[in-house]
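The values are calculated or read from the model by the stated rules, or taken from the named source; none is laboratory data. Just so we're clear, the structure is a prediction, and the values are computed from it rather than from any experiment. Cβ placement follows ideal geometry from the backbone for every residue including glycine, while neighbour counts extend to all protein chains displayed. Surface accessibility is based on the protein's heavy atoms, side chains included, excluding ligands, DNA and RNA. Shrake-Rupley method; radii C 1.70, N 1.55, O 1.52, S 1.80 Å.
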Amino acid sequence: MSQDKINVKEVSAETTRPKSAQHARKRAGTNNDRFNPSQRIYVRASSGVFQKLRRYGGWFFMALFLVTPWITQGGHQAILIDIGEQRFNFFNTTLYPQDLTLLALLFVVAAFALFFLTTFLGRVWCGYLCPQTVWTFIYIWFEEKLEGSANKRRKQDSQPYTRSLIYRKTLKHIAWWAVALVTGATFVGYFVPIRELLLDSFTGSLSFWPAFWVLFFSACTYGNAGWMRSIMCIHMCPYSRFQSAMFDKDTFIVGYNTKRGEDRGPRPRKADPKQLGLGDCVDCDLCVQVCPTGIDIRNGLQYECINCGACIDACNHTMDRMGYDKGLISYTTENKLEGHSTKVMRPKLIGYGLVMVLMVGLFFVQLSYIDPAGLSVLRDRNQLYRVNSAGEVENTYVLKILNKTQQPQQYTLSIKGLEQPSWYGKQQVWVQPGEVLSLPMTLGMSPDKLRSPVSKIQFILSDSNHFTIEVESRFIEKL
């Protein structure tokens, strides 16, 4: 029995590519595959409005990151996540593990802020503010200064190393490690007092774990920004994977105007592209060369695009030189590219915004209700009650008083629920900032004043600022 056979023609990815794109790839002389982690992307330097915005924004937040741990408040580091003491100092506010609901709210606010921003402006967080992007461009800057332009670096790396190149590469890696060590030390300085950290580092008395984490985060910075770069964005970053759930046709993205640009191809500057049957794209390939993730934006929206605007600036320079209108590549929407109007205010964007505002309001309400002190009461479980020599029924307790402020506080203790009890122990105590004071004490009551075998009582803690807190407990006469 014979079978009909269908002849299958093998078609390579290169033959399915538009002829103009094939021409650009051959002219560029590279076979880089951006999905292959072993292929290094040589990012060409670019300048323009969006690159200035990215650069200045990156330097501002970089400076903020470096300076913040050095800010002091009341003689203490203003922002410190002290894991050893289990507290978080934020200027005049100190948070403890029991205040973790605030941290959860803060994460919710950050998540919805990211959803709102992504729905409105796409991946601008990735292109302008993401630490991976900021540090990567800092490392690329050192590469350009010490090794030369992208084309020069590509050519040098394809040839045997010379003494001069080894010297310049050594300087580059020294600079990279210097930036990495400053980054690692600063990051750890948010968890360990930074002045003590640096003093111990320079005197050689730094303990094992702080030293380990400084070196660990330094190595992560060096590896991510120096070597992995776009691999993080393309292969490892979860944000690039789930962003499509937030995108719609009214989301502002970096887009290429196909109707205006095609057919693309080289031409003399003074030639009329219409007479040549060409669009405005001269196929210079600069948009690919300046892209930190190595994509061709002319192929449409791709999840690897981080909306940094480098291709916009490069294309605008080309349009200027050719005497064409700018904006062949621009921040636009899919609806606009298809000739439709863009709806900025839409239900999804409004929903994200409303939830974000609600969570911010709830966060500050919760923050305003943080108690400046904490009190817990533990009864003596070994002996529920006893009778002393005066004939009083005694119950023993351990009061734990937490000072959440950043100044020493004097607290006054009292009891409610018993008539004229005998208080055996201190009723006024001083507690240092962040200290948990354990105060053993005993209450005594004459049996004829007790109305029931088990009485509900409230321990009251008050300070000089008229703050009071009540904690319920029990006084037991008999079971």
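Which percent of the accessible area of the chain is formed by carbon and sulfur heavy atoms (probe 1.4 angstrom)?
About 61 percent, which is the carbon plus sulfur part of the accessible surface.
If you work out mean projected area of the Cα convex hull in nm² from the coordinates, which of (i) 23.6; (ii) 22.4; (iii) 41.5 do you get?
Of the listed options (i) 23.6; (ii) 22.4; (iii) 41.5, (iii) comes from this structure.
According to a simple spin-label model (label point 7 Å from Cα along Cα-to-Cβ), what is the distance in nm between LYS456 and VAL357?
Using points 7 Å along Cα→Cβ, the separation is 4.1 nm.
Starting at the first residue of the range 432-442, write each ³J(HN,Hα) from the Karplus equation 6.51 cos²θ - 1.76 cosθ + 1.60 with θ = phi - 60°, in whole Hz, x for Gly and Pro.
With the stated coefficients, the range 432-442 comes to 6, x, x, 7, 10, 8, 9, 10, x, 7, 9 Hz.
Please report the base-10 log of the normalised intensity I(q)/I(0) for the range 76-210, using a Debye sum with one equal scatterer per alpha carbon and no solvent, at each q in 0.09, 0.18, 0.19 (1/Å).
Log-scaled intensity ratios, in q order: -0.49, -1.10, -1.13.
Straight-line reach from LYS259: which lysines have Cα under 27 Å away, leaving out those fewer than 8 places along the same chain?
Qualifying lysines at Cα under 27 Å: LYS19, LYS26, LYS249, LYS270, LYS274, LYS326, LYS336, LYS343.
Residue separation times 0.36 nm, minus the C-alpha to C-alpha distance between SER446 and ALA178: what's the value? Could the numbers behind the result be given before it?
Values: separation 268, 0.36 × 268 = 96.48 nm, distance 7.26 nm.
Length difference between fully extended and current span is 89.2 nm.
Take TYR167 and ASP272, extend 7 Å from each Cα along the Cα→Cβ direction, and tell me the distance between the two endpoints in nm.
It is 5.7 nm.
Could you compute the FRET efficiency for ARG386 and THR101, with r as their C-beta to C-beta distance and R0 at 41 Å, rounded to 0.05? It would help to have the intermediate numbers written out before the result.
Working: r = 40 Å, r/R0 = 0.97.
The computed FRET efficiency comes out at 0.55.
Between PHE90 and LYS145, what is the label-to-label distance in nm when each label sits 7 Å out along the Cα-to-Cβ direction?
3.6 nm
Could you size up the charge dipole of the chain around its Cα centre, putting +1 on the beta carbon of Lys and Arg and -1 on that of Asp and Glu, and report it in debye to the nearest 20?
Values: 54 positive and 39 negative charges, 435 e Å.
Magnitude of the dipole: close to 2080 debye.
For the range 94-186, with the dipole built from +1 on Lys and Arg beta-carbon atoms and -1 on Asp and Glu ones, taken about the Cα centre, which of VAL108, ASN151, PHE120 lies farthest toward the positive end?
The residue sitting most towards the positive pole is ASN151.
As an exercise, use a Förster radius of 22 Å and the Cβ-Cβ distance of ASN465 and ILE79 to find the FRET efficiency, rounded to the nearest 0.05.
Using R0 = 22 Å, I get an efficiency of 0.35.
By what distance, in whole Å, do the Cα atoms of the range 183-265 stretch along each of the three principal axes, largest value first?
On the principal axes, the range 183-265 reaches 66, 31, 21 Å in Cα extent.
Between SER201 and VAL365, what's the calculated FRET efficiency when r is the beta-carbon distance and R0 is 45 Å? Round to 0.05.
Approximately 0.60, to the nearest 0.05.
Heavy-atom accessible area per residue, the chain, 1.4 Å probe: how many Å²?
For the chain, the per-residue accessible area is 57 Å².
Nothing charged except the Cβ atoms of Lys and Arg (+1) and of Asp and Glu (-1): what's the magnitude of the dipole of the range 368-466 about its Cα centre? Round to the nearest 20 debye.
The calculated dipole for the range 368-466 is roughly 200 debye.
Amide H of ARG87 versus every other amide H placed in the peptide plane: which residues, excluding those fewer than 5 positions away on the same chain, fall under 5 Å?
Here the answer is ASP82, since their amide H atoms fall under 5 Å of that of ARG87.
Which whole DSSP H helices in the chain pass both tests: a Cα extent of 24 Å or more along the axis and a mean Kyte-Doolittle value no lower than 1.6?
100-121, 347-368
Using +1 at the C-beta of Lys and Arg and -1 at the C-beta of Asp and Glu, which of TYR42, GLY57, TRP135 has the Cα lying farthest in the positive direction of the dipole of the chain?
Result: TYR42, furthest along the dipole toward the positive end.
Given contacts defined as C-alpha pairs under 8 Å and at least six residues apart, what's the relative contact order of the range 45-157, whole-number percent?
Across the range 45-157, relative contact order equals 19 percent.
Please list 441-448, 329-336 highest first by mean number of surrounding beta-carbon atoms within 10 Å per residue.
Output ranking for 441-448, 329-336: 329-336, 441-448.
Select from the range 370-479 those GluC sites (Glu not before Pro) which occupy a DSSP coil region and have at most 15 other Cβ atoms within 10 Å, ordered by residue number.
Loop-located and lightly packed - GLU419, GLU435.
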